[in-house]
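We did not get these values from a lab; they are worked out from the coordinates using the rules stated. For clarity, every value in this text was computed on a predicted model and none was experimentally measured. Quick reminder, even Gly has a Cβ in these numbers, built from the backbone with ideal geometry, and neighbours come from all protein chains shown.
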Amino acid sequence: MSAKKPHLNLIIIGHVDHGKSTMTGHLLFDTGNVDDKTISKYAEESTATGRGDTFKFAWVLDTLKEERERGVTIDLRFEKFETDKVFFTIIDAPGHRDFIKNMITGTSQADAAILVVSARKGEFEVGVGPGGQTREHAYLARTLGVSQMAVAINKMDEPDTVKYSEERFNECKKEMEALLKVVGYDTSKVHIVPVSGWIGDNLVKRSDKMPWYKGPTMLDVLNTFQEPPKPTDKPLRIPVQDVYSITGIGTVPVGRVETGVLKVGDNIVFMPPNARGECKDIETHHTKIPEAVPGDNIGFNVRGIAKNEVSRGDVAGKTENPPTVANEFIGRIIIVYHPTAIAAGYTPVMHAHTATTSATLTELIQKIDARSGQVTQEKPDFLKTGDAALVKIRPLRPLPIETFKEIPQLGRFAIRDMGSTIAVGVVEQVTEKATVPEKKS
């Protein structure tokens with residue numbers, strides 16, 4: 001990894017079976033990040049499972065045995081991937097309903113996204129329809145702060161309903177532009193590329209099968225993505241994704257630095273448990289580093305903390321400026337999808353950074369016009385799909401979050417229920433901070 005290249009976390013999102021893993025695997029292969037030998041090995045293994053070699057590219061990412069047997073992506077995978085201009089960490093996010101929790105964790109860590117959409121008739125329409133995951137993932141990406149987005153209209157090679165048709169591509173493109181506008185993207189800055197993840201059309205090399213397409217390849221688009229400015233001047237915040245206990249080393253929390261700088265020797269506190277210790281060393285991609293900055297995915301060993309004191313969803317900060325923990329807050333939300341309506345007292349599951357907890361909407365304060373921001377109704381009785389509102393939310397346990405204004409990286413959340421994303425939102429104001437237990441030293 002050369003120091004000069006900008007580093008971005010890239011997430012691949014989209015509806016289940018729209019070809020995310022295959023496209024990503026092929027992209028890694030065509031850019032020389034995976035060799036022939038590995039792909040041939042996967043082709044043989046895939047054939048041995050009775051699926052022909054159709055999964056050979058997908059398996060570059062789906063390394064868990066269970067995923068291969070089911071043919072779906074379950075957990076987040078982190079892959080290094082380099083172009084001639086940019087160094088990426090690819091986060092391959094599951095499209096499967098059961099796995100959306102991991103997708104939310106992944107998206108909250110991403111700087112840029114490729115939204116993969118199948119051009120195949122029927123598949124495309126289900127994804128962009130109400131409750132479809134193309135729509136859901138687009139909303140999540142926007143709310144979770146992914147400002148740079150590319151769309152891959154995949155399966156252009158599909159022989160029955162697509163056949164490399166310019167007309168079908170334009171149809172899909174028009175729908176996607178309309179959806180992204182509603183979600184809040186500036187579509188003049190979003191490239192929509194017709195590709196085949198399986199054959200490799202327009203991933204790295206221009207396809208001769210779509211002479212009508214004059215735009216950039218997917219690689220060209222990736223090379224335009226900019227590294228976001230690193231919020232090193234903000235207080236340190238590291239949401240914990242996992243905690244390992246490593247023999248001879250001790251407790252090693254793993255997570256992504258969102259804001260601030262972590263240096264070896266810093267005194268760290270994890271909230272809400274108020275567990276404190278000293279940072280002994282920091283690793284990224286198995287390399288020891290003296291300090292970590294925003295965007296770094298790290299494991300860091302903390303002296304003085306037992307494995308059972310810290311868990312996924314806790315947030316680390318420095319002892320002199322600890323993370324905020326809320327008992328109650330006001331959120332500004334948009335209802336992405338609800339089959340009926342939501343009233344006060346509704347208790348869905350809330351996801352914020354790596355934390356997950358049930359939370360009650362205790363009060364519907366105001367209904368807002370999503371485009372102008374004007375208040376349209378005080379104290380509405382209910383909210384339905386498409387509504388934007390200010391609501392009071394009470395997590396069932398103290399939740400480490402920040403206001404969106406101060407630390408946007410920790411001020412966003414999603415609300416889920418019945419296997420769907422119901423709403424996405426940002427934290428406007430923490431109305432009641434949690435009192436944190438005193439730590440026995």
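Multiply the residue gap between ASN170 and THR362 by 0.36 nm, knock off their C-alpha separation, and tell me the result in nm, one decimal place.
Working: separation 192, 0.36 × 192 = 69.12 nm, distance 4.46 nm.
Roughly 64.7 nm would be gained on extension.
Subtract the Cα-Cα distance of GLU278 and THR347 from 0.36 nm times their separation in residues, and report this length gain in nm to one decimal. Write down the numbers at each step before the final one.
On the way: separation 69, 0.36 × 69 = 24.84 nm, distance 3.77 nm.
Once the chain is fully extended between GLU278 and THR347, it gains 21.1 nm.
Taking a ≥ b ≥ c as the square roots of the eigenvalues of the Cα gyration tensor of the stretch 238-318, is the shape rounded (a/c under 1.5), prolate (a/b larger than b/c) or oblate?
Working: a/c = 1.38, a/b = 1.14, b/c = 1.21.
It is rounded, given that a/c, with a ≥ b ≥ c, falls under 1.5.
Extension gain GLU320-LYS205, at 0.36 nm per residue separation less the Cα-Cα distance, in nm?
Details: separation 115, 0.36 × 115 = 41.40 nm, distance 5.18 nm.
Gain on extension, GLU320 to LYS205, equals 36.2 nm.
Hey, quick one: spin label on THR431, modelled 7 Å out along Cα-Cβ, who in the stretch 330-362 has an amide N within reach, i.e. under 11 Å?
Correct set: 330-331, 361-362.
Could you grab the relative contact order for the stretch 325-433? Cα pairs under 8 Å, six or more apart, rounded to a whole percent.
Normalised by residue count, the contact order of the stretch 325-433 is 41 percent.
For the pair THR161 and TRP212, how long in nm is the line joining their label points, each one 7 Å along Cα→Cβ?
Going by the 7 Å Cα→Cβ label model, 1.8 nm.
Hey, what D do you get for the stretch 160-258 in µm²/s if you plug the Kirkwood alpha-carbon radius into Stokes-Einstein at 25 °C and 0.890 mPa s?
On the way: Rh = 17.6 Å.
Stokes-Einstein gives a translational diffusion coefficient of 139 µm²/s.
Take every Cα-Cα distance within the stretch 325-433, group them into 5 Å bins from 0 onward, and report for each bin the whole-number percent of pairs it holds.
With a bin width of 5 Å, the distribution comes to 2, 13, 26, 28, 19, 10, 1.
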